[in-house]
Amino acid sequence: MEIQLDNNWRLQPIKGATGQTYMGIRASEKVFIKRNTSPLLAALSKEGIAPKMVWTKRTANGDVLTAQEWLDGRLLKAEEIGKRNDVVDVLYHLHHSHMLKEMLKKIGGEIYTPDRMLADYERQLPQELKKNSYLAKVINYLYDYLPEYPVQNYAAVHGDVNHRNWLVSNNYLYLVDWDSVMVADPAVDLGMILGHYVPQSGWNKWLLAYGSLPSDSTMARIYWYVLFSFLQEILRHHQTADRRAMNTEILQMKRVFDY
């Protein structure tokens, strides 16, 4: 169903999305619209990390609609993520932007420590996953080896850098879908990339390209967030009843964590 907006804008839900994203149409104009996305989006757009923002509007029921330029492009394939230097560049830019971090804190961006992330995760777990003995071992391991990293070194972190959220258009790469943005250890994003898209033998090389020295302490942090990223994806696939994808994640995690 299309939603009529003022100034002759029509909102057409995007097929396959979660009901929060639309194509905005007015005459020959098209924009990408999302409902109630992060207020940080304007700054991310200005930094060139996210597509250009066009306008924001508040609807009668209090929702905020944010319009970005409509880009003819494509999402990255899983096999591309670990091979592209621009993925490294975008993440480095995001994680080293003091302005984005301070702005996110000012607009109420949550600070997520590893113990908080793990506790929040456990609260969401359905009984079926709680009873899985292998997942229980992973969770216990994560509690036993919580990484130590100074909170003052936390950064603006995307929080969900899977291949579905990388858009390439005219050879320019953007990160999209900022609903999970937070102030946290940059290893949150690095762990997802390395665990899912880079062979373990290539982790050191990838981190060096990112600008991080792969010391023992750094690798221990990364490893923690690699495992946590698998747990998050397992839960996400369970919530969407995609058991095949969920089991694939578990098998992939067993290649990294075989206890």
message: Tell me yes or no: at least one residue of the stretch 106-121 is small (G, A, S), within 22 Å of N247 (Cα to Cα) and assigned by TED's automatic domain parsing to the domain that holds F228.
response: no
message: Given the criterion within 24 Å of L208 (Cβ to Cβ), modelled with pLDDT under 95, surrounded by 15 or more Cβ atoms within 10 Å (Cβ to Cβ) and among the small types (G, A, S), identify the matching residue among G73, G82.
response: G82
query: Among helices (runs of 4 or more DSSP H) lying entirely in the stretch 150-259, which contain 3 or more residues that are farther than 16 Å from I81 by Cβ?
result: 216-239, 243-256
task: State which residue pairs qualify: first residue assigned by TED's automatic domain parsing to the domain that holds W9 and touching a residue at least 12 places away in the same chain (Cβ under 8 Å) and inside the stretch 62-73, second residue surrounded by fewer than 13 Cβ atoms within 10 Å (Cβ to Cβ) and in a strand (DSSP E or B) in any location, beta carbons under 6 Å apart, and separation of 6 or more residues or different chains.
output: V64/R58
- request: Could you check, for the stretch 140-152, whether at least one of its residues is touching a strand residue (DSSP E or B) at 6+ places or on another chain (Cβ under 7 Å) and within 20 Å of I234 (Cβ to Cβ)?
  value: no
message: Out of V54, V64, I need the residue that is closer than 23 Å to K105 by Cβ, over 19 Å from the mean Cα position of the chain (by Cα) and aliphatic (A, V, I, L, M). Which one?
response: V64
- request: Can you tell me which residue within the stretch 15-44, out of those that are of a type in the set (V, I, T) and at pLDDT 80 or above, is farthest from V176 (Cα to Cα)?
  value: I25
- prompt: Does I222 satisfy the condition of being touching a Phe, Trp or Tyr at 6+ places or on another chain (Cβ under 8 Å) and crowded, with 18+ Cβ neighbours inside 10 Å?
  reply: yes
field: Among the candidates D160, D177, residue that is under 30 Å from I33 (Cβ atoms), modelled with pLDDT under 95 and not basic (K, R)
entry: D177
task: Would you tally the residues in the stretch 89-117 being surrounded by fewer than 17 Cβ atoms within 10 Å (Cβ to Cβ) and within 20 Å of G191 (Cβ to Cβ)?
output: 9
message: Please determine whether any residue of the stretch 148-160 is among the polar types (S, T, N, Q) and more than 16 Å from F228 (Cα to Cα).
response: yes
message: Within the stretch 109-118, does at least one residue satisfy the condition of being among the charged types (D, E, K, R), out of contact with any His (no Cβ under 9 Å at 6 or more places or on another chain) and under 26 Å from V256 (Cα atoms)?
response: yes
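The values are calculated or read from the model by the stated rules, or taken from the named source; none is laboratory data. These figures come from a predicted structure and were not determined experimentally. Cβ: placed from backbone, ideal geometry, glycine included. Neighbour counts: every protein chain shown.
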